[in-house]
Amino acid sequence: MIALLLVLASSPLDPLWSLVDEERYQAAIEGALRIATDANATIELRQNALTLGLTAACSGNAERCDQVARTVSDWMPLWRPDSRALPSLVQAFGRARVTRAERYNSLPKGQLSQGQWCGPSATSSILLVETVRGVQAQDRVKESCIQLNKTEQGFLIAYDAQLQPIAALGSLSAPVTLLKQKQVNQRPLSLALTIAGITLAGVAAYLLLSDPGTGNLELTVENRP
Amino acid sequence: MKQLVLFTLALSACGQAPGGSITLNFPADLITNGILHAAVFESGQCATLSDPVVLAEALVRLSHPANFDARNEHPMTLNAIPAGGDRMVVAVVEQEGTQVCRACSDDVVIKDNNTSTVRLILEGCP
């Protein structure tokens, strides 16, 4: 039935949005993930399908909000939900972002060789997030290896066919050096890295120690004509 | 030196929000009956509340259709509010993009892992 709707609709996502409107969230999620994992679909369509799936997963009493949020966070690491989105969506996506570096640390590092990086054998696609002068750019390939060309610093992640990360090198907040620079430049860079690391650790420790925690508010608004 | 400058620029980008967008489909009643916004601000005094209220500056905010029950009440729950002693809570009714009425309470205390209770009364709403 869903396949028939997909064929008849002007956009493959239209019937899925209808499912969301009808509060048939599980069906919407399954349809969205089916499009998102279709390697022949355009990147834009796959990403739109993922955000649709996330909206469905975080609507009503849907139980897969965190799971889909992790998938979206992994597949589209530079994407962030609009602050006006569903609060449960924003919170789940925040949790996915916060735990992302930890999850990546437990993954294999892939194989970095001269001018290219390769994921494990199950790799379906690779994303390179290149950092140049503070600006991040993405390069996605449907291969198990990616050419690094002149990329000096970046973050690499390999996905299987189900969009799950299976290898990662570095993270968004801590891109790794992909091409070695001249030896003469290593010492000041190492010194700067050390100083920056100590500074970041100090700031992180301060923020953690000074965190006052959070509470809730039961608000009753009365309309008195 | 060049690498040091590049690295510093890269570090300065940490924490900056990358671009992104999401399409929101609001239910029709949100548009026709107006929107009831509840917002908790880090601090502030109701006597000097700006008009319109700048909801984007709130620590936590929540929006519901501006519908009220038989007792003319609308309960809302705001979660994950940073604890503090001088929070300001504001309720605003927005219709067709205009804030038509509001209510406010200041010096609200939010304690860690606790639930505070606040009652706001909207008066003169159309």
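Take each peptide in A:40-48, B:85-93, count the other Cβ atoms within 10 Å of every residue, and average; sorted highest first, the result is B:85-93, A:40-48.
Rolling a 1.4 angstrom probe over segment B:39-119 with all protein chains present gives an accessible area of which 44% lies on carbon and sulfur atoms.
The stretch between residue A:106 and residue A:139 holds 9.6 nm of extra length on full extension. This uses 0.36 nm per residue minus the Cα-Cα distance. Averaged over peptide B:107-118, the number of partner chain Cβ atoms lying within 10 Å of each residue's Cβ comes to 4. The accessible-area loss of segment A:204-225 on complex formation, taken against its chain alone with a 1.4 Å probe, reaches 40 Å² or more at A:212, A:214, A:215, A:216, A:217, A:218, A:219, A:220, A:221, A:222, A:223, A:224.
What does the highest-first list of B:34-42, A:77-85, B:95-103, A:50-58 look like by mean Cβ count within 10 Å?
Details: B:34-42: 21.4, A:77-85: 16.8, B:95-103: 14.7, A:50-58: 26.0.
Ranking, from highest mean packing down: A:50-58, B:34-42, A:77-85, B:95-103.
Using C-alpha pairs below 8 Å separated by at least 6 residues, the relative contact order for segment A:2-98 is 20 percent.
Within 10 Å of each Cβ of B:68-76, how many other protein chain Cβ atoms are there on average? Can you show the working numbers first?
Numbers: counts 3, 1, 0, 3, 5, 4, 5, 4, 5.
The shielding value for this peptide is 3.
Shielding by partners for peptide B:97-104, expressed as the average number of C-beta atoms from other protein chains within 10 Å of each residue's C-beta, is 1. For the pair B and A, the buried accessible area comes to roughly 4100 Å² in total, with a 1.4 Å probe and the value rounded to the nearest 100. Helix-only arithmetic for the protein assembly as shown: the sum of -39500 (n - 2.57) across DSSP H runs with n ≥ 4, divided by the residue total, places the mean residue ellipticity at 222 nm at -9500 deg cm²/dmol.
Quick one: with all protein chains in place, what share of the accessible area of segment A:7-148 is carbon or sulfur, to the nearest percent (1.4 Å probe)? Mind dumping the intermediate values first?
On the way: 3370 of 7080 Å².
On segment A:7-148, the fraction of accessible area on carbon and sulfur atoms equals 48 percent.
Return one whole number: the accessible area per residue of the protein assembly as shown in Å², for a 1.4 Å probe.
On the way: 19270 Å² over 351 residues.
Averaged over the residues of the protein assembly as shown, the accessible area is 55 Å².
Taking the Cα centre of chain A as origin and assigning +1 to Lys and Arg Cβ atoms and -1 to Asp and Glu Cβ atoms, the resulting dipole is close to 980 debye.
Placing +1 on each Lys and Arg Cβ and -1 on each Asp and Glu Cβ, with no other charges, gives segment B:27-110 a dipole about its Cα centre of roughly 120 debye. Accessible-area rank, largest first, for A:65, A:145: A:145, A:65, with all protein chains present and a 1.4 angstrom probe.
The values are calculated or read from the model by the stated rules, or taken from the named source; none is laboratory data. Fair warning: this is a prediction, and the values are worked out from it, not measured in the lab. Counting neighbours? That spans all protein chains shown, and the Cβs are built from the backbone with ideal geometry, glycine included. Note: areas computed on protein heavy atoms with side chains; ligands, DNA, RNA excluded. Shrake-Rupley method; radii C 1.70, N 1.55, O 1.52, S 1.80 Å.
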